[in-house]
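Here is the structure we will look at, set down as structure tokens.
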Amino acid sequence: MSETKTAATEPVDYARAEINSALGAAEKIRFFSEMLRIRRFEQTALKYYNQGKMGGFLHLYIGQEAVALGTVSLMGKNDHVITAYRDHGHALAVGMDMKACMAELLGKATGCSRGKGGSMHYFAPDKNYWGGHGIVAGQTPLGLGLAYGVKYKGLKGCCLCFLGDGAVNQGSYHESLNLAALWKLPVIYVIENNQYSMGTSMERSSAMRNCLAERAEGYGIAWDVANGEDFYEVRAKTWNAIRRAHDESLPFVLEVDTYRYYGHSVADANAKKYRSADEIEHYKTHHDPIRLWRKRLVDEKVLTEESADEIDAAVKQEVAEAAQFALDSEDPAPETIFEDVYWEVDNQTEVGQTGRHFFGD
Amino acid sequence: MPLITYRTALNQALAEEILRDENVVIIGEEVAQYNGAYKVTEGLWERFGDKRVVDAPISEAGFIGMGIGASMLGIRPVMELMFWSFAYVAWDQIINNAGQVRYMSGGLINCPIVIRGPANGGTNVGATHSHTPENFIANTPGLKVVCPATAYDAKGLMKAAIRDNDPVCFMENTLLYGESWEVPEEEYVIPLGVADIKRAGTDVSLIAHGRAVLTALKAAEILEADHGIHAEVLDLRSIRPLDEEAVLATVRKTHRAVLVDENKPFCGVSAQIAATIQEKAFDDLDAPVQRVCTLDAPSIYSPALEPIQLPTPERVVIKALDIC
């Protein structure tokens, strides 16, 4: 099952994979619409960022959309997902409310984290979505713990834990791989390899033989590499990992080749220096996952160009409404600074009212 | 009332909570088959099995982070650090993940996890193994920190910590594990955030936490026997939440305070206590607040010197006599 990136393999049509051949037209169109929602959401976010309406960082996922949707679209009720700071795509893919997501970017009280997390910290436990984490690879032990919890409770499920190619050299990731293999935990590490850890290319940051996922070999963990521009391939290979996790409670490392069009964050001053404009343009023209999916659906006669344009127009309208909602929302009230720190305090339990929890004035 | 050791008291608390709640699981290095590096978990693996008592490899960032992730799903892990000094390799997980995830999620998530282990100097193991990070933890809103001084408190506070729905950092002391105190056989829980007067007095308040409470008690005996000074000893028990009212009440009673603290002095727990007293009980003070901390250098190995680097009863007596 494992393969090297350099090995010449026969082209496979992943549309014929069982998990894909069962898809109906409505679902395929929904995936198109969902990927567009992520892209249009972020394009609007970028506009507001550049207008100074947002604080902090904005790590755009544009170019990588097929990865989030291809994987998350396979989740069942006991499957969980956790990711790093480039988290808008996964959040929208699990079904988080776009209005609340946009409002969070603007730091509003109506934001999904009530204005306390910002772009890097989206959460929706009701959708099995556990963030949105700002420290590179810091989420990898948490993902392991979600898998541990699923197994401890005797449930058939798994955790999809996303990380970037810049995270694979952090110790916490390697510690997690060891524990995942040692304790047979159903965690799937999805390395979204966009080739750059901030401004440092993979070649300048990671020692490897053929690819990053292959390092799993040393831990006895199965692995694979998927082409992130091919929605069907992402789904087929992720489903293979999920089945192993569900049926055998085994971990997996799936490396997905992808590309981000923008810098590490919008504040990345050198975004156009460490790679050429030609390189970026090449990806946009030939490897854009949404453009390719749209073409595929048109070829399959699931979509027409006109109906695709209509979907895009509807998505743009939805994003515009979300943006208006965010702009119209109130800033959080100052007293909320002390809310959401301790569960016991928030819930006004006896425990939460015993002793002093906050200091200062 | 039976006399039991601090170690046994903790062991009883863990066993009782494992029996009470099916989601309680103990995870750490050598906690199961080895019976615990300091024998706190002795017999628990034999009694409760692989699911409830889990040996982890030496991988603190990995397994502590794993416990935090599991706690988000409602598991209640009690994670052992062989030494709290080893927490520093898991610092991102403890501070950023356990400490901040509730806030950053706008209150959608909570982490009912206990991270426990010894945090003390005084055993000649050098600077890397002798850290007392209760001040660092207490400086992190979102985390709670508890430092029991006796077997009775250790048991009752551990049960409260495990039942708490927020992350609790529980700091024990290897020098206390073998010491015995009276502990009732019937069940009890000591709430976090409630200090305890370990000795009543009228002339000066000795305010301490953890093993420094025992240092303060010895100092109180000397003050009474040799100088006729009646010192009150207040044990904070939990640092965050803090029983600020008890601190102010004893100062208002005695009008003098000596803070005894095994932290290093700069931004140690006693610095916060001193600030609180001057701000809220200034008019009740008859003398400046005094502090006796661990001498401000990395923890020394020398068996001859380490005992005097930590707070001693003699240093407490000198500070008390300065203001009485």
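Contact annotation: residue pairs with Cβ atoms under 7 Å, 6 or more positions apart or on different chains, pairing a residue in region A:166-187 that is basic (K, R) with a partner that is modelled with pLDDT of 95 or more and surrounded by fewer than 24 Cβ atoms within 10 Å (Cβ to Cβ), are A:K184/A:S249; A:K184/A:L250.
Sort through B:I94, B:I27 and tell me the only one that's surrounded by 24 or more Cβ atoms within 10 Å (Cβ to Cβ), β-branched (V, I, T) and touching a strand residue (DSSP E or B) at 6+ places or on another chain (Cβ under 9 Å).
Details: B:I27 fails: surrounded by 24 or more Cβ atoms within 10 Å (Cβ to Cβ).
Result: B:I94 is the single residue among B:I94, B:I27 that is surrounded by 24 or more Cβ atoms within 10 Å (Cβ to Cβ), β-branched (V, I, T) and touching a strand residue (DSSP E or B) at 6+ places or on another chain (Cβ under 9 Å).
In region A:41-81, the qualifying residues are those that are of a type in the set (K, R) and closer than 21 Å to A:A100 by Cα, and the one that is farthest from the chain's Cα centre (by Cα) is A:K53.
Residue by residue, here is whether (1) assigned by TED's automatic domain parsing to the domain that holds B:N23; (2) more than 24 Å from B:C111 (Cβ to Cβ); (3) modelled with pLDDT under 95 holds:
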position	(1), (2), (3)
B:T150	yes, yes, no
B:L157	yes, no, no
B:S205	no, yes, no
B:A220	no, yes, no
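The number of residues in region B:37-56 that are in a loop (DSSP other than H, G, I, E, B) and within 24 Å of A:K184 (Cα to Cα) comes to 5.
Consider region B:85-107 and keep the residues that are touching a residue at least 40 places away in the same chain (Cβ under 8 Å) and among the polar types (S, T, N, Q). The one that is nearest to B:M66 (Cα to Cα) is B:Q100. Among residues of region B:262-280 that are in the same structural domain as B:A216 (by TED's automatic domain parsing), those with a beta-carbon under 7 Å from a residue that is in a helix (DSSP H, G or I) and of a type in the set (D, E, K, R) at least six positions away or on a different chain give the pairs B:N263/B:E134; B:V269/B:E134; B:T276/B:E244.
Quick check on my filter: what residues within region B:107-157 are among the hydrophobic types (A, V, I, L, M, F, W, C), within 23 Å of B:W91 (Cβ to Cβ) and touching a helix residue (DSSP H, G or I) at 6+ places or on another chain (Cβ under 6 Å)? Before you say what the answer is, go through the steps one by one.
Going through region B:107-157, the residues among the hydrophobic types (A, V, I, L, M, F, W, C) turn out to be B:108-109, B:111, B:113-115, B:119, B:125, B:127, B:136-138, B:143, B:145-147, B:149, B:151, B:154, B:157.
Then drop every residue that is not within 23 Å of B:W91 (Cβ to Cβ), which leaves B:109, B:111, B:113-115, B:119, B:125, B:127, B:136-138, B:143, B:145-147.
Passing the criteria: B:I109, B:C111, B:I113, B:V114, B:A119, B:L143, B:V145, B:V146, B:C147.
Just one of (1) surrounded by fewer than 23 Cβ atoms within 10 Å (Cβ to Cβ); (2) out of contact with any Ser or Thr (no Cβ under 9 Å at 6 or more places or on another chain) fails for B:A149. It is (1).
Cβ separations smaller than 6 Å between residues 6+ apart or across chains give the following pairs from region A:264-275 residues that are closer than 11 Å to A:G199 by Cβ to residues that are among the small types (G, A, S) and surrounded by fewer than 17 Cβ atoms within 10 Å (Cβ to Cβ): A:N270/A:G199; A:Y274/A:G199.
Among the residues of region A:116-130, what is the count of those that are at the interface with chain B (Cβ under 7 Å from one of its Cβ atoms) and either out of contact with any Ser or Thr (no Cβ under 8 Å at 6 or more places or on another chain) or not in a helix (DSSP H, G or I) (or both)?
Our first condition is that a residue be at the interface with chain B (Cβ under 7 Å from one of its Cβ atoms); within region A:116-130, this holds for A:116-117, A:121, A:123, A:125, A:130.
Filter once more, so that each one left must be either out of contact with any Ser or Thr (no Cβ under 8 Å at 6 or more places or on another chain) or not in a helix (DSSP H, G or I) (or both): A:116-117, A:121, A:123, A:130.
Residues meeting the conditions: 5.
In region A:167-196, the residue that is nearest to A:L60 (Cα to Cα) out of those that are crowded, with 20+ Cβ neighbours inside 10 Å and at pLDDT below 95 is A:N194. Here A:S113 clears all of (1) more than 8 Å from every other protein chain (Cβ to nearest Cβ); (2) farther than 22 Å from A:Q195 by Cβ except the condition numbered (1).
Taking region B:163-229 and the strands (runs of 3 or more DSSP E) fully enclosed by it, the elements with 2 or more residues that are surrounded by fewer than 21 Cβ atoms within 10 Å (Cβ to Cβ) are at B:180-182, B:196-199.
Here region A:318-357 is the region considered, the condition is being over 27 Å from the mean Cα position of the chain (by Cα) and among the aliphatic types (A, V, I, L, M), and the residue that is surrounded by the fewest Cβ atoms within 10 Å (Cβ to Cβ) is A:A333. None of A:R244, A:R260, A:R296, A:R291 is in contact with a strand residue (DSSP E or B) (Cβ under 8 Å, 6 or more places away or on another chain), more than 21 Å from A:C211 (Cα to Cα) and not aliphatic (A, V, I, L, M) except A:R244. Scanning region B:90-103 for residues that are facing another protein chain (nearest Cβ under 8 Å) and over 16 Å from A:N128 (Cα atoms) gives B:D92, B:Q93, B:N96, B:N97, B:Y103. Among the criteria (1) in contact (Cβ under 8 Å) with a residue 40 or more places away in the chain; (2) in contact with a Phe, Trp or Tyr (Cβ under 8 Å, 6 or more places away or on another chain); (3) surrounded by fewer than 24 Cβ atoms within 10 Å (Cβ to Cβ); (4) more than 10 Å from chain B (Cβ to nearest Cβ), the one A:M96 does not fulfil is (1).
Checking each residue in region A:70-89 for being under 21 Å from A:R244 (Cβ atoms) and assigned to a helix (DSSP H, G or I) picks out A:G70, A:T71, A:V72. Scanning region A:211-222 for residues that are surrounded by 15 or more Cβ atoms within 10 Å (Cβ to Cβ) and not hydrophobic (A, V, I, L, M, F, W, C), we see that the one that is farthest from A:Y283 (Cα to Cα) is A:Y219.
Checked against the criteria, B:E16 does not count as over 24 Å from the mean Cα position of the chain (by Cα), outside any loop (DSSP other than H, G, I, E, B) and surrounded by fewer than 20 Cβ atoms within 10 Å (Cβ to Cβ).
Can you pull out the residues in region A:292-313 that are loosely packed, with under 14 Cβ neighbours inside 10 Å and within 24 Å of A:M102 (Cβ to Cβ)?
A:D309, A:E310, A:A313
The lone criterion from (1) under 30 Å from A:T140 (Cβ atoms); (2) free of Cβ contacts under 8 Å to residues at least 12 places away in the same chain; (3) among the basic types (K, R) left unmet by A:K301 is number (1).
Residues of region B:230-243 being closer than 26 Å to B:P118 by Cα, not in a strand (DSSP E or B) and not basic (K, R), which ones?
B:L236, B:P241, B:D243
Among the candidates B:T140, B:T132, single out the residue that is polar (S, T, N, Q), assigned to a loop (DSSP other than H, G, I, E, B) and crowded, with 24+ Cβ neighbours inside 10 Å.
When all the criteria are applied, what remains is B:T132.
When the residues of region B:40-78 are narrowed to those that are among the polar types (S, T, N, Q) and facing another protein chain (nearest Cβ under 8 Å), which ends up surrounded by the most Cβ atoms within 10 Å (Cβ to Cβ)? Here the residue is B:S71. Being closer than 16 Å to A:G95 by Cβ and of a type in the set (A, V, I, L, M) is the filter; apply it to region A:62-79 and report the residue that is surrounded by the fewest Cβ atoms within 10 Å (Cβ to Cβ). Across region A:62-79, the extreme among qualifying residues is A:L74.
The values are calculated or read from the model by the stated rules, or taken from the named source; none is laboratory data. On a predicted model such as this, the values are computed, not experimentally measured, just so you know. All Cβ positions, even for glycine, are placed from backbone atoms using ideal geometry, and neighbour counts span all protein chains on display.
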